[in-house]
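The values are calculated or read from the model by the stated rules, or taken from the named source; none is laboratory data. Treat the numbers as computed from the prediction; the structure is a model and nothing was measured. Glycine also receives a Cβ, built like all others from the backbone with ideal geometry; neighbour counts cover every protein chain displayed.
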Amino acid sequence: MRRAFVHFLWGALITIVSFLFVFFIAVWNGWIGYMPDMEELSNPLDKFASQVYSADGKLIGTWNQENANRVAVDYNNLSPHLVHALVATEDERFYEHSGIDFIALGRAIIKRGVMRQESAGGGSTITQQLAKQLYSEKAHNTLERLLQKLIEWVIAIKLERYFTKEEIIAMYLNYFDFLHNAVGIKHAANIYFSKEPRNLNVDESATLIGLCKNPSMFNPLRYPERCVARRNVVLQQMLKSGYITRAEYADYSAQPLNLRFRRENKVDGSGEYFREFLRQYMMAKEPKREDYQNRSLRQFVIDSIAWAQDPLYGWCNKNMKRNGEPYNIYTDGLRIYTTIDTRMQQYAEKAVRQQMAGFLQPAFNKANSMKQNAPFSSKISRQTIKNILNRSIRQSNRYLVMREQGASPDDIKRAFRTPVEMSLFTYHGEVDTVMTPIDSIRYYKSFLRSAFMSMDPHTGAVKAYVGGIDFEHFKYDMVMLGRRQVGSTIKPFLYALAMQNGMTPCTLAPNVQRSYGGWTPRNGSHARYGQMVPLKWGLMMSNNWISAYLINQLGPSQFVSILHDFGLNNPDIDKNTTPVLSLGPCEVSVGEMVSGYTAFVNQGIRCAPLFVTKIEDSHGNVIAQFQPLMNEVISEDNSYKMIDMLRAVVDNGTGNRLRYQYNITGEVGGKTGTTNNNSDGWFIGFTPQLVSGVWVGGEDRDIHFDSTSMGQGATMALPIWAYFMKLVYADKTLGYSPSVKFNVPSSFNPCAVKDTVNMNGIDEVYE
């Protein structure tokens, strides 16, 4: 009987060992449970947020998956006190085991499992805890957790095979969530102590490592006493392991928390619109016609051109990692170095807010106070307004969610007319109120919108990018994504074409009203009517009759061609080959217009916007570099002629309030623009060092000032440019000065011609 029992025990032991062996092999190979493949195990560091840096070296944002806002920090950038605290507290034999500490495991089983000592400590190693963070989901029962534990053992062993001890420590700290959006040690050090991880001292390191046991229980903000007690436990372990002396322990344990807590708020000059545009731009896929069935052909053409010409557009899908997969900005830990200057970005945002919140919106609200159909124009019908609102309803998230949930049209209609609690945007902060969703749509339409971009005309570097008045509430980007009619800001491109055809600023043209194929342009002024006037005067005064005359002489087709050379890629321009094109009815983005004007400053060479200079992988290796894209549009001499004419616009023409009202000094050129019914106000201005453009208008073209005095570009858009430049000039650290001159030879005569051109000798034939 005794022998049979012994045989039974040996048989049971062999069976259990065999089962465990087979089970271990099954887990190792992924036959049971989840086991990451070799590639995934060898590259877990890549699963971090991508970081976006400004040109002046500031981290302006991150892109991350599921709000896991991790930023990778190498082991060499960790404080040694941090490492000592972690090892002493969580895994004192970390450097002695290969993933599983059987001594600690046995101790945990006996003391906690058998003797029920809660303070005996656990048996998990740092490597096991890392495996749990990386690959384990929440277990729903004891059996599932037991299986997870075995899988974590196997993963821990594999991690120890592929990584050094230092890399494992870095990964552990980079993945841990320290609460308050402090995901990873970099954010934890920044948020709790306003430091970088490498600068943490002993007690700060002990505090953060103390949170690793249970960050909610030892939350330093809610439970500071608990946090201090836990920190002191960590210090005690550091003393026990010989990392600090008894005197140091006594000193540090007597210290208060000394938190310098700051929530991770928006960085000044972070450019939220810019970061969102860049994210979409880099992640874009190759345009396919079938994907644009519900969108315009226009966008397909624009995206196709960008895909072919701009290496940054769709960069993540154009370039592959070593494993053959495309890059992912959410998980690959890329470091993107942009051209944005946070100081200039801040000035641009300030300038937009100063004009919109301080002057223009109050004036618009006052003008609308007497309108029955506000904020819409009094000239449109109630049915048109209803159609606009219904279109906005169908585009809203509320509508899309309700439709997806199977709500009937009547239910949706009823919901949009039922008052609900909501928070509304104001320039003075959000306000809580009760309003119907349809009224809230109308409310948000009452806000005028704006967009601003500034770039270096010689390098293409985009220095400031403001896509709207408030990113949280008005997310649509009007710098690169939105397009509006450009009005008279298109005229310099037409005059540039005239210069290319041998004309000069002094070439005379008849200032009379004429009809062209049934179209008769109107003009705001009758000054010098019936006279032969120089082209310089015509552009200076933004005379429509002169522009119409020029395009009739030169031909709309030739004008369309040069517009594309200037970077205006809207294919709708090709359809509008009539003299009307001379007055800017085509829709163009702010970014395209600013880029086009760089040709005037840059000796006739247009610079495309440059948003990124280089991209690094998570290990700091440069994997992409970007150079400005340029093309010659007009000759160098003709660019000097354009500078001469556009300076006159600012000195004596439609942009002269820059001088007398805003006291902008130095050499400046520019052009105002206003579209029909004052729907759009523009100003594109340039100095020898910067080209900047501004657009202001309503969300819909039927939302605008009724009076031209308020709705013109000189009133709506120009002040933003002025405010921005005054702030830029005032900041001497930027290196911009009003004393810098245009690179025009002192001996240059804008009116000199190689071949005399007689305007009257050109056949007035519409082509």
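Odds and ends about this structure:
- When ARG391, ARG403, ARG398 are checked against the criterion of being surrounded by fewer than 15 Cβ atoms within 10 Å (Cβ to Cβ) and either touching a residue at least 12 places away in the same chain (Cβ under 8 Å) or closer than 17 Å to ARG701 by Cα (or both), ARG391 stands alone in meeting it.
- Only one of LEU173, LEU179, LEU159 that is touching a residue at least 60 places away in the same chain (Cβ under 8 Å), in the same structural domain as TYR223 (by TED's automatic domain parsing) and within 19 Å of LYS213 (Cβ to Cβ): LEU173
- Subset of segment 418-432 that is touching an Asp or Glu at 6+ places or on another chain (Cβ under 9 Å) and touching a residue at least 12 places away in the same chain (Cβ under 8 Å) - its residue that is nearest to PRO362 (Cα to Cα): TYR427
- Test: SER635 is surrounded by fewer than 24 Cβ atoms within 10 Å (Cβ to Cβ), hydroxyl-bearing (Ser, Thr, Tyr), modelled with pLDDT of 95 or more and out of contact with any strand residue (DSSP E or B) (no Cβ under 7 Å at 6 or more places or on another chain): yes
- Of the helices (runs of 4 or more DSSP H) that lie entirely inside segment 460-559, not one contains 1 or more residues that are within 24 Å of ILE643 (Cβ to Cβ), without any contact (Cβ under 8 Å) to a residue 24 or more places away in the chain and β-branched (Val, Ile, Thr).
- Failed condition for MET435, given (1) at pLDDT below 95; (2) under 17 Å from TYR347 (Cβ atoms): (2)
- Which listed residue, of PRO688, PRO719, is surrounded by 24 or more Cβ atoms within 10 Å (Cβ to Cβ), in contact (Cβ under 8 Å) with a residue 40 or more places away in the chain and not β-branched (Val, Ile, Thr): PRO719
- Only residues that are part of a helix (DSSP H, G or I), crowded, with 19+ Cβ neighbours inside 10 Å and either in contact (Cβ under 8 Å) with a residue 60 or more places away in the chain or touching a Lys or Arg at 6+ places or on another chain (Cβ under 9 Å) (or both) were counted in segment 187-209, giving 15.
- Residue within segment 703-710 that is of a type in the set (Val, Ile, Thr) and either more than 30 Å from SER369 (Cα to Cα) or crowded, with 20+ Cβ neighbours inside 10 Å (or both) present: yes
- Check on PHE626, farther than 14 Å from PRO492 by Cβ, crowded, with 24+ Cβ neighbours inside 10 Å and not β-branched (Val, Ile, Thr): no
- Being within 30 Å of VAL612 (Cα to Cα), modelled with pLDDT of 90 or more and of a type outside the set (Gly, Ala, Ser) is a description that applies to TYR281.
- Sole residue being β-branched (Val, Ile, Thr) and modelled with pLDDT of 95 or more, chosen from THR613, THR577: THR613
- Residue count, segment 168-225 (criterion: over 24 Å from THR125 (Cα atoms) and in contact with a Pro (Cβ under 8 Å, 6 or more places away or on another chain)): 1
- Residue ID - farthest from MET499 (Cα to Cα), chosen from residues in segment 564-585 that are out of contact with any strand residue (DSSP E or B) (no Cβ under 9 Å at 6 or more places or on another chain) and not in a loop (DSSP other than H, G, I, E, B): LYS575
- Residue in segment 582-596 that is surrounded by the fewest Cβ atoms within 10 Å (Cβ to Cβ), counting only those that are of a type in the set (A, V, I, L, M, F, W, C) and farther than 11 Å from ALA608 by Cβ: CYS586
- Restricting PHE261, PHE300, PHE218 to residues that are surrounded by 15 or more Cβ atoms within 10 Å (Cβ to Cβ), closer than 24 Å to ALA189 by Cα and either more than 21 Å from the chain's Cα centre (by Cα) or of a type outside the set (Val, Ile, Thr) (or both) narrows the list to PHE218.
- Residue in segment 53-62 that is crowded, with 18+ Cβ neighbours inside 10 Å, under 24 Å from SER205 (Cα atoms) and at pLDDT 80 or above present: no
- Any chance PRO375 is under 31 Å from the mean Cα position of the chain (by Cα) and in a helix (DSSP H, G or I): no
- Residues in segment 536-581 that are at positive phi and buried (at least 18 other Cβ atoms within 10 Å of the Cβ): SER542, GLY567.
- Criterion violated by TYR660 - all others in (1) in contact (Cβ under 8 Å) with a residue 40 or more places away in the chain; (2) within 22 Å of SER737 (Cα to Cα); (3) exposed (fewer than 15 other Cβ atoms within 10 Å of the Cβ) satisfied: (1)
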